[in-house]
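What follows is a set of notes on a single structure, which appears directly below.
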Amino acid sequence: MELRQLRYFVRIVEAGSMSRAALELDVVQSALSQQVSRLEGELATRLLQRTPQGVTPTEAGLAFFHEAKLTLRHAEQAVRSAQQARLSGSVSIGLAPTTSALLGLPLMQAMRERYPEVRLHMVEGMSGHLAAMLRARELDIAILFGHRPDALALHEPAGGAGRGWQVLPLMEEALFLIRSIGQPALPSQVDIEALRTEPLILPTGPHGLRSAIDAAFDRAGIAPRVVLEVDSLAMVMAAVDAGLGATLQPWAALGRYPDADRRFRHARLDAPVARRVNLLCSRSDEELPPAVLAARGVVRDSVRALVEDGRWAGVTLV
């Protein structure tokens, strides 16, 4: 009996359908049915009752289902315990200021809880700077930005002999127009055409956010009115707070301000291409030590938890 068979059986019972379970498990239905038949043969008892509406567990199948779920939980706990016991070393992770405002602390807490023996080195910087650090191997992992999943090109430094990069789309963030609370009120959404004369404070070209913004304005056939270019989120938001202009940022830019509702107005930018793609970047799996592979999983889990808990607005998980 294999753990895989237990996972298959539990998923079938929970889905109530062999075809639905096969789809969720990404396994062809015939292979799934074969594994169940092997399981029933080994146990010498019928576990599933097949009907036109799907499948239901027999009395023996229901008893087996509960024990199988318990066994799988114990197996998962055994894996976690083994990983936590053996994982050590160091991992360096780079986050942009907007990302670190929401993800930084939960990520550090999750790493401390799951892998206390791994020493974590966190770096905050603009996306273009983080990409350069990643190429120079000064970072193990970074969340970088583009306006499409294929927008990021990571190249080997001169003389590099690596096997390549792992670039995984992580999430997409909608962009928001953000003004000082002293500026005129905003609707819940604004069209990009309404920004034709809006004085904007933006980062410079090498950074992923500016690429996404420029792409949206190019598609609309208008030029943004940029009054300040600032490569620091803190200074951008300070300038907006002082009424020097507005900015276009993901909602996370407001995440570091507990009193954001009393200091800023914001409206979602109603433009399908005005989205920032977050890319989880690292060396290829073959080159990564176990601690870095584990940390990459924690990054994804932490992002998912923040989005599903409603603590990160304007985000679509990829």
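Per-structure values
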{"quantity": "Among the residues listed as Pro116, Pro106, the single one being part of a helix (DSSP H, G or I), assigned by TED's automatic domain parsing to the domain that holds Glu173 and in contact (Cβ under 8 Å) with a residue 12 or more places away in the chain", "calculated": "Pro106"}
{"quantity": "Residues being assigned to a loop (DSSP other than H, G, I, E, B) and in contact (Cβ under 8 Å) with a residue 60 or more places away in the chain - total across the stretch 1-34", "calculated": "0"}
{"quantity": "Any chance Gln189 is touching a Leu at 6+ places or on another chain (Cβ under 8 Å), loosely packed, with under 15 Cβ neighbours inside 10 Å and not charged (D, E, K, R)", "calculated": "yes"}
{"quantity": "Residue in the stretch 35-47 that is farthest from the chain's Cα centre (by Cα), counting only those that are surrounded by 12 or more Cβ atoms within 10 Å (Cβ to Cβ) and without any contact (Cβ under 8 Å) to a residue 12 or more places away in the chain", "calculated": "Glu40"}
{"quantity": "Every residue from the stretch 244-271 that is at pLDDT below 90 and either within 21 Å of Gly182 (Cβ to Cβ) or of a type in the set (Val, Ile, Thr) (or both)", "calculated": "Arg256, Tyr257, Pro258"}
{"quantity": "Identity of the residue in the stretch 232-252, in contact with a Leu (Cβ under 8 Å, 6 or more places away or on another chain) and in contact (Cβ under 8 Å) with a residue 60 or more places away in the chain, that ends up farthest from Val307 (Cα to Cα)", "calculated": "Ala246"}
{"quantity": "Looking only at the stretch 129-146, and only at residues there that are crowded, with 21+ Cβ neighbours inside 10 Å and farther than 19 Å from Arg256 by Cβ, the one that is modelled with the lowest pLDDT", "calculated": "Gly146"}
{"quantity": "Residues located in the stretch 84-120, provided they are surrounded by 15 or more Cβ atoms within 10 Å (Cβ to Cβ) and more than 29 Å from Phe145 (Cα to Cα)", "calculated": "Gln84, Leu87"}
{"quantity": "Unique match (being in contact with an Asp or Glu (Cβ under 9 Å, 6 or more places away or on another chain), assigned to a helix (DSSP H, G or I) and surrounded by 20 or more Cβ atoms within 10 Å (Cβ to Cβ)) among Ala253, Ala271, Ala291", "calculated": "Ala291"}
{"quantity": "Residue that is at pLDDT 90 or above and either in the same structural domain as His129 (by TED's automatic domain parsing) or polar (S, T, N, Q) (or both), where the choices are Val277, Val227", "calculated": "Val227"}
{"quantity": "Scope the stretch 48-61; condition within 20 Å of Arg20 (Cα to Cα) and exposed (fewer than 13 other Cβ atoms within 10 Å of the Cβ); matching residues", "calculated": "Gln49, Arg50, Thr51, Pro52, Gln53"}
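The rows are residues; the columns are (1) farther than 21 Å from Gln249 by Cβ; (2) surrounded by fewer than 14 Cβ atoms within 10 Å (Cβ to Cβ).
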| residue | (1), (2) |
| --- | --- |
| Arg275 | no, no |
| Leu279 | no, no |
| Ser284 | yes, yes |
| Ala295 | yes, no |
| Val298 | yes, no |
| Val315 | no, no |
| Val318 | no, yes |
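The values are calculated or read from the model by the stated rules, or taken from the named source; none is laboratory data. The structure presented is a predicted model; accordingly, all values stated were derived computationally and were not measured. Heads up, the Cβs are rebuilt from the backbone with ideal geometry, glycines too, and the neighbour counts pull from every protein chain shown.
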